[in-house]
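The values are calculated or read from the model by the stated rules, or taken from the named source; none is laboratory data. Model, not experiment: these values are computed from the prediction. Methodologically, a virtual Cβ is constructed for each residue, glycine included, from the backbone with ideal geometry; neighbour enumeration extends over all protein chains shown. SASA here: full protein model, heavy atoms, side chains in, ligands and nucleic acids out. Shrake-Rupley method; radii C 1.70, N 1.55, O 1.52, S 1.80 Å.
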Amino acid sequence: MKAVIERALDTASAGGAAYADARIVQKTSEFLMVKDGQVAAVNLSSDYGLGVRALVNGSWGFASASRVNTESADEVAGRALRIARASARVQEKPVVLAAQDPSVGEYITPYESDPFDVSTEDKLGLLLRVNDLLRREKGVKVAECAMEIYKTEKAFGSTEGAYVTQTIVESGAGMESTATSDDDIQKRSFPNSFGRQVVTGGYEEIEKLELESNAPRIASESAALLSAAECPATTTTVILDATQVALQVHESCGHPTELDRALGYEASFAGTSFLTPDMLGAFRYGSDAVNIVADATTPLGAGTFGYDDEGVPAQRNYLVKDGIFVGYLTSRETASELDQRSSGAMRAESWNHIPLIRMTNINLMPGETSPEDLIASTDDGIYMELNKSWSIDDLRLNFQFGTEIAWQIEGGRLTNMYKNPTYTGITPQFWQSCDAVANNWRMWGTPNCGKGEPVQGMHVGHGAAAARFRDVRVGVRG
Ligand SMILES: [Zn+2]
């Protein structure tokens with residue numbers, strides 16, 4: 001691999017590139033699904049290719065090929081050079097890369113059990129057992145269980161002398177139980193929305209999910225929701241479970257702190273951001289209880305790696321510190337506009353995509369209260385669990401989220417179950433109303449974050465715990 005990367009870089013340099021980098025990526029994935037007692041999918045897929053990025057006269061060119069050898073290195077580098085030259089003719093502002101010490105090294109996800117070494121029969125056996133437990137509940141009409149595992153082997157080199165290799169192993173699984181009556185459909189998922197939860201780690205992480213012991217509860221809650229009361233429309237105290245906090249962080253902090261978005265480069269497709277650079281270091285984003293970091297080093301994080309796709313080492317940086325907006329997710333190109341170094345957030349979906357600024361693990365740091373004490377110290381409110389729907393404007397300011405289930409909080413205790421819970425807010429006001437974050441912190445993985453044109457799917461992580469918010473509008477419909 002190193003010889004092919006060096007050949008591509010030499011060809012790019014000889015052809016006039018001021019900077020070039022080359023990536024070889026081999027990605028293997030397995031997806032298994034059991035639906036209503038039947039095996040619905042057993043997909044094993046793999047792809048392998050080379051991508052080259054070249055900077056000529058201040059403009060980028062990118063090209064890729066699924067053949068990985070010295071001839072394709074020449075061909076791909078040549079195409080990247082031609083695209084860069086063509087782009088330079090319509091350039092608005094030349095690209096300037098922030099300085100970076102060239103990385104040399106290797107990173108391998110820590111894991112105990114290689115998920116590709118576990119037999120398909122054993123994996124399906126687990127899913128079939130969980131599926132059977134869901135289907136024992138009367139009222140459950142659709143029972144789905146799925147597992148997804150990934151191994152990504154990459155090599156990256158640059159004309160500045162960087163050369164790094166990485167092996168990222170990911171494992172995830174989950175379930176969905178759908179109950180129906182004559183006039184209603186209700187769903188419960190576990191452990192995360194859409195039955196999808198992914199971490200970097202081995203098969204041991206799937207075993208730790210305790211899918212079997214949770215299946216009966218998930219099935220019975222989906223059925224019980226059919227006869228639950230609608231979430232009332234009011235303004236009250238809301239406690240969100242850790243998974244919904246993770247989604248809230250994703251949409252209202254992760255996306256708006258992407259610097260390409262804040263600078264307007266992503267405006268045409270994914271939107272802009274209310275967090276403009278003039279607010280950096282001064283704007284009150286949340287209460288003192290709100291501390292959010294971008295941390296590509298968090299164990300188990302779906303956004304954990306050794307180096308990003310510009311060869312920048314994984315980092316931990318504050319985005320929000322004691323409630324104040326203090327940092328962005330950046331690339332070398334965007335960081336230079338703020339006279340900063342890259343925060344190491346450039347990632348590409350695969351070898352045939354150009355890297356973009358992507359969330360790593362965007363973690364809300366935990367507080368000291370247990371979630372039980374958070375509820376016990378709340379006289380009147382609503383506890384909401386697990387994301388079902390989301391809507392947020394282009395600036396990432398006005399939002400409405402729905403969860404699968406909620407319970408009324410009365411006198412510090414959970415009482416009536418509510419269906420179709422929703423809450424709305426405006427990002428900074430909402431986070432400023434956060435008066436406590438609980439201590440039940442763990443990593444949640446979102447395997448379906450989309451960005452870019454053509455869209456690139458990315459796995460991102462969120463460390464999150466339950467959190468309490470005051471004076472929130474709930475029960476808004478439509
Ligand atoms: Zn996203």
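How would LYS154, LYS138, LYS321 rank on accessible area, largest to smallest, probe 1.4 Å?
LYS138, LYS321, LYS154
Can you give the three extents of the C-alpha atoms in the chain along their principal axes, from longest to shortest, in whole Å?
Computed over the Cα atoms, the extents are 71, 55, 37 Å.
Which order do the peptides 186-192, 89-95, 337-343 take when ranked by the mean count of other beta-carbon atoms within 10 Å per residue, highest first?
Result, highest mean first: 186-192, 337-343, 89-95.
If you take the C-alpha gyration tensor of the range 270-413, multiply each eigenvalue by 5 and take the square root, what semi-axes do you get, largest first, in whole Å?
32, 18, 17
If you add up the charges near THR427, with Lys and Arg at +1 and Asp and Glu at -1, over every other residue whose beta carbon is less than 10 angstrom from its beta carbon, what do you get?
-1
Relative contact order for the range 337-465: what is it in percent, counting Cα pairs under 8 Å that are at least 6 residues apart? Walk me through the intermediate numbers first.
Values: 237 pairs, mean separation 35.6, N = 129.
Contact order relative to length: 28 percent.
Anything over 19 Å Cα to Cα? Flag those among LYS2/LYS154; LYS35/LYS208; LYS321/LYS388; LYS388/LYS419, in the order listed.
Check vs 19 Å cut-off fails for LYS35/LYS208; LYS321/LYS388.
Taking only protein heavy atoms and a 1.4 Å probe, what accessible area per residue, in Å², does the range 2-99 have with all protein chains in place? Don't skip to the end; give the middle numbers.
Numbers: 4580 Å² over 98 residues.
Using a 1.4 Å probe on heavy atoms only, each residue of the range 2-99 averages 47 Å².
Convert 10 °C to kelvin, take the viscosity as 1.306 mPa s, use the Kirkwood radius over C-alpha pairs of the range 18-92 as Rh, and evaluate the Stokes-Einstein diffusion coefficient in µm²/s, rounded to a whole number.
110
Under the definition of Cα pairs under 8 Å and six or more residues apart, what whole-number percent is the relative contact order of the range 97-236?
Taking the mean separation of contacting Cα pairs over the length of the range 97-236, I get 28 percent.
Express in nm, to one decimal, how much length is gained between THR167 and ALA233 on full extension, taking 0.36 nm for each residue of separation and deducting their alpha carbon distance. Before the final figure, lay out each step's value.
Values: separation 66, 0.36 × 66 = 23.76 nm, distance 4.89 nm.
Taking THR167 through ALA233 to full extension adds about 18.9 nm, to one decimal.
With a 1.4 Å probe and all protein chains left in place, how much of the accessible area of the range 182-266 comes from carbon and sulfur atoms, in whole percent?
C and S fraction of accessible area: 49 percent.
Project the alpha carbons of the range 376-478 onto their principal axes and report the range along each, largest first, in whole Å.
So the extents along the principal axes, rounded to whole Å, are 50, 32, 26.
Taking the alpha-carbon set of the range 215-303, what are its Rg and Dmax in Å?
18.3, 51
Give me the Kirkwood hydrodynamic radius of the range 345-432 in Å, from all C-alpha pairs, to one decimal place?
Averaging 1/r across every pair of different Cα atoms and inverting gives 16.0 Å.
Stokes-Einstein diffusion coefficient for the range 156-271 at 37 °C in a medium of 0.692 mPa s, Rh from the Kirkwood formula over Cα pairs: what value in µm²/s? Let's see the in-between values first.
Details: Rh = 18.4 Å.
Translational D for this selection: 179 µm²/s.
Which distance in nm do the two modelled labels at GLU160 and ASN416 give, with both placed 7 Å along the Cα-to-Cβ direction?
The modelled label-to-label distance comes out at 6.0 nm.
Accessible area of the range 1-121 with a 1.4 Å probe: how many percent of it is carbon plus sulfur? Let's see the in-between values first.
Numbers: 3020 of 6130 Å².
Using a 1.4 Å probe with all protein chains present, the range 1-121 comes out at 49 percent carbon and sulfur.
Return one number: the angle in degrees, 0 to 90 and rounded to the nearest 10, between the long axis of the Cα atoms of helix 211-225 and the longest principal axis of the Cα atoms of the chain.
60
Rounded to the nearest Å, what's the spacing between the alpha carbon centres of the range 319-351 and the range 447-478? Just the number, please.
What the calculation gives is 19 Å, centre to centre.
Among all the aspartates and glutamates, which ones have a C-alpha under 19 Å from LYS451's C-alpha, if same-chain residues fewer than 8 places away are not counted?
Once the sequence-local aspartates and glutamates are set aside, what remains near LYS451 is GLU251, GLU258, ASP260, GLU266, ASP308, ASP309, GLU310, GLU333, GLU349, ASP393, ASP394.
Net charge near SER13, counting Lys/Arg +1 and Asp/Glu -1 over other residues with Cβ under 12 Å of its Cβ?
Summing Lys/Arg as +1 and Asp/Glu as -1 gives -3.
On a 0 to 90 degree scale, rounded to 10, what angle separates helix 120-135 from the longest Cα axis of the chain?
Computed tilt is about 30 degrees.
Please compute the contact order of the chain in relative form: average sequence separation of alpha-carbon pairs under 8 Å and at least six residues apart, divided by the residue count, as a percent.
16
When Lys and Arg each count +1 and Asp and Glu each count -1, what net charge do the other residues less than 13 Å away from GLU75, Cβ to Cβ, add up to?
+2
Going highest first, how would you order 146-153, 121-128 by mean Cβ packing within 10 Å?
Output ranking for 146-153, 121-128: 146-153, 121-128.
Given the DSSP H assignment, sum -39500 (n - 2.57) over each helix run of at least 4 residues in the chain and divide by its residue total; what's the result at 222 nm in deg cm²/dmol, nearest 500? Before the final figure, lay out the partial values.
On the way: 10 runs with 95 residues, N = 478.
Rounded to the nearest 500, it is -5500 deg cm²/dmol.
Using only Cα atoms, locate the centre of the range 159-173 and the centre of the range 187-257, then give the distance between them in Å, rounded to an integer.
Rounded to whole Å, the Cα centres lie 29 Å apart.
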